[in-house]
Amino acid sequence: MAIPDLLTAKISHGFDHLDADGDGQLTEHDHVLMGQRAAASLGHAPGSPAEQRIIEAYLRIWRDLHLPHIPGGGAAISKEQFLTSTSTLAADPAAARATVGALAEAFLALADINHDGQLSPTEFLAFQRGHFPRPDRGRGQRGFRPSRHRR
């Protein structure tokens, strides 16, 4: 598989996880559902202030990252639009840092359950289960193994 094909496949897979209601569109409602799912996986009760804080963080992502890029003032992003806009970040590292980097920081802050500024494997897996509902402990633990890759 060529690199662009791999990138397209990864972005497409990501969209499928973000489309929380499975209707083929990324919407504000999907962000509410993701926030609820992430809050539940982190042990926060439905309707609690902690759940509301997480939902609001997801809604800020919708308003700040996705909504401004919807053509014609629409209210949803199709998979094709998501693929196109996200693919352009591969050629623009500064834009990628400003958007996806900010998104990663927001997610890390949400996942840091005990607010110690560090993400433990348990916190990471709890958050991942809410954000991407199918990871298992083995996949989560692999993210915390020291890399043997040398440059």
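Per-residue extension of 0.36 nm, minus the Cα-Cα distance of His115 and Val100, leaves a gain of 3.2 nm for this segment. Each Lys or Arg adds one and each Asp or Glu subtracts one; over the other residues with Cβ under 15 Å from the Cβ of Gly117, this totals -4. Projected label points at Ala75 and Arg63, each 7 Å from Cα along the beta carbon direction, are separated by 1.6 nanometres. Short to long, the 5 Å bins of the Cα pair-distance histogram for the range 3-142 hold 2, 10, 17, 22, 22, 16, 8, 3, 0 percent of all pairs. Computed about the Cα centre, the dipole magnitude for the range 3-142 is approximately 320 debye when only Lys and Arg (+1) and Asp and Glu (-1) carry charge, each at its Cβ. Within the shell defined by Cβ-Cβ distances under 12 Å, the residues around Gly43 carry a net charge of -1, with Lys and Arg each +1 and Asp and Glu each -1.
Every read-out reported here was derived from the displayed coordinates using simple, explicitly stated rules and does not represent laboratory data. What you are looking at is a predicted structure, and each value in this text was computed from that prediction instead of being measured. Don't worry about glycine lacking a Cβ; one is built from the backbone with ideal geometry, like all the others, and counts go over all protein chains shown.
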